[in-house]
Amino acid sequence: MKSLQQFIKDFFTNEGHHVFLSLLIAKICGFLGSLFIIHLLSESDFGRVSIVSSVFFIFLAFSGFGSQQILLRYGSVAQDLEEKNALSSYLFRKGFFYQLLLSVLFFIVSVFYITRYEDIFFIFLLFNIRLIGSYFLIHIQCEFRISGKNKDFATVSNAVNILGLILLFVLSKYFGLNGYLFAIAFTPFVSLFWLKKSPKSITLKSFRFKKKELWNFGILAGGSALLSDMLFSADVLLLSFLMTETAVANYKVAILIPSNITFLAATFMQTDYSLLAKNSKNKSFLKNYILNFYKIFVPVSAVIFLVGFIFKTKIISFFFSEKYSGNEMVFAVLLAGFSLNMLLRNLYGTLISAVGLMKFNTFISLLNIIFLVIFAFIFVNKLGILGMAVSLSLSMFLSGILFLISFHLYWKTLK
């Protein structure tokens with residue numbers, strides 16, 4: 001019990017509660033925004049937005065070609081503030097160039113959807129602007145993270161998300177779909193007000209890390225993040241080809257709450273990422289961290305699933321209106337999948353990244369996508385959107401087991 005108390009105490013000492021609250025606010029803002037749009041838009045419009053947002057999150061995962069993952073990992077183990085700043089300055093310039101290339105690729109992808117869905121190019125255009133703005137937001141947040149300024153990280157996140165929610169409500173109410181798109185496109189640029197408050201990007205000192213080493217890690221980290229986020233976009237994209245935009249809309253409604261519960265585990269892992277990177281060779285520390293993580297999140301995930309399963313019908317009708325009734329079983333299956341996901345994939349996937357084993361992360365994430373595609377073609381034709389829920393849950397569980405095995409093999413090599 002003492003170790004658990006110390007674990008929680010360290011979380012607050014590291015200003016983890018600021019990060020927790022900021023991520024909670026972000027999830028609430030995202031959830032409320034989604035609810036508003038679900039009620040405002042027709043099923044076909046919401047389906048098209050869901051398809052483009054799924055493509056967007058795939059590209060967002062590879063923001064700056066992994067420059068931000070490099071900054072978070074190597075900035076955490078940098079010797080002093082000057083070295084952190086030098087690394088940040090280099091990665092900001094180089095990453096932005098790669099981000100522009102990524103935006104061009106995003107436009108190219110839109111070509112495959114233009115002939116299939118009406119007016120979808122304009123949605124792609126506004127999401128592309130959001131993609132560039134998100135690059136600035138994430139980089140600034142990473143600078144605060146590696147400097148231990150979790151409170152400043154939270155301030156930026158809160159400002160962007162709360163202002164974004166207000167703009168979304170106001171513009172969507174008066175301008176409908178176009179207002180929603182403009183709100184989400186330009187909100188991330190609010191983070192630029194904190195650019196001067198982040199650690200200075202100009203310094204005479206260089207960093208000791210080899211650039212080849214940095215970008216090898218970045219490409220693997222970006223690829224892993226891309227593949228990981230692709231898992232939660234590939235389901236929608238597969239449905240968009242196997243079924244209709246109406247099916248996509250119903251599936252997005254069912255997955256909205258389950259997919260957001262993982263922020264609880266993600267908060268702890270994101271807050272402690274720098275600490276985990278610094279203690280990547282400390283066998284005792286890693287063991288105690290995992291045990292204390294489970295002491296908290298096994299009961300949490302069990303309660304979430306039981307409450308959600310018992311009240312699934314009321315939850316669907318209360319949040320999403322009668323037109324989306326009939327998705328209760330899809331909701332329950334996804335809730336079970338994401339509850340297990342917190343205990344396996346979230347935990348061990350982050351640990352694998354923190355200790356620097358990105359090759360394992362990338363390989364397992366690739367297998368994850370393959371699992372999803374195989375399961376989808378087996379179950380979707382038979383069960384519809386319920387089949388996709390089963391496919392996603394099975395894919396997450398299998399990848400979680402593989403992450404656990406990989407980390408256990410690494411842990412056994414430590415003295």
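The values are calculated or read from the model by the stated rules, or taken from the named source; none is laboratory data. Computed from a predicted structure; not experimentally measured. Cβ sites come from the backbone with ideal geometry, for glycine too, and all protein chains shown count toward neighbours.
Applying the selection to region 345-403, what residues are under 24 Å from Ile219 (Cβ atoms), among the small types (Gly, Ala, Ser), touching a Phe, Trp or Tyr at 6+ places or on another chain (Cβ under 6 Å) and at pLDDT 90 or above?
Listed by number, the list holds a single entry, Ser395.
For region 380-393, give me each residue that is surrounded by 18 or more Cβ atoms within 10 Å (Cβ to Cβ) and either more than 19 Å from Met243 (Cβ to Cβ) or of a type outside the set (S, T, N, Q) (or both). Give the steps one after another, and end with the answer.
Step one: of region 380-393, the residues surrounded by 18 or more Cβ atoms within 10 Å (Cβ to Cβ) are 380, 385-393.
Listed by number, the residues that qualify are Val380, Ile385, Leu386, Gly387, Met388, Ala389, Val390, Leu392.
Restricting attention to region 403-415, which residues are touching a residue at least 12 places away in the same chain (Cβ under 8 Å), under 22 Å from Ala225 (Cβ atoms) and surrounded by fewer than 21 Cβ atoms within 10 Å (Cβ to Cβ)? Show your work before the answer.
Within region 403-415, the first condition is being touching a residue at least 12 places away in the same chain (Cβ under 8 Å), and the residues that meet it are 403-404, 406-407, 410-411, 414-415.
Filter again for under 22 Å from Ala225 (Cβ atoms), leaving 403-404, 406-407, 410.
Scanning region 403-415 gives Leu404, Ser406, Tyr410.
Among the residues of region 21-54 satisfying the criterion of being of a type in the set (A, V, I, L, M, F, W, C), at pLDDT 80 or above and buried (at least 22 other Cβ atoms within 10 Å of the Cβ), which is farthest from Leu126 (Cα to Cα)?
Per the criteria, the residue is Ile51.
Do we have any residue at all in region 262-271 that's β-branched (Val, Ile, Thr), surrounded by 20 or more Cβ atoms within 10 Å (Cβ to Cβ) and part of a helix (DSSP H, G or I)?
Yes, there is a match, as at least one residue in region 262-271 is β-branched (Val, Ile, Thr), surrounded by 20 or more Cβ atoms within 10 Å (Cβ to Cβ) and part of a helix (DSSP H, G or I).
Would you mind telling me which numbered condition in (1) crowded, with 20+ Cβ neighbours inside 10 Å; (2) in contact (Cβ under 8 Å) with a residue 40 or more places away in the chain Phe371 fails?
Exception for Phe371: condition (2).
Only one residue in Ala247, Ala221 is of a type outside the set (Phe, Trp, Tyr), closer than 30 Å to Phe92 by Cβ, in a helix (DSSP H, G or I) and touching a residue at least 12 places away in the same chain (Cβ under 8 Å). Which one?
Among Ala247, Ala221, only Ala221 is of a type outside the set (Phe, Trp, Tyr), closer than 30 Å to Phe92 by Cβ, in a helix (DSSP H, G or I) and touching a residue at least 12 places away in the same chain (Cβ under 8 Å).
Taking the criterion of being among the polar types (S, T, N, Q), more than 18 Å from Leu195 (Cα to Cα) and out of contact with any His (no Cβ under 9 Å at 6 or more places or on another chain), would at least one residue in region 143-154 satisfy it?
Filtering region 143-154 for residues among the polar types (S, T, N, Q) gives 147, 150.
Those left that are additionally more than 18 Å from Leu195 (Cα to Cα): none.
No, that holds for no residue.
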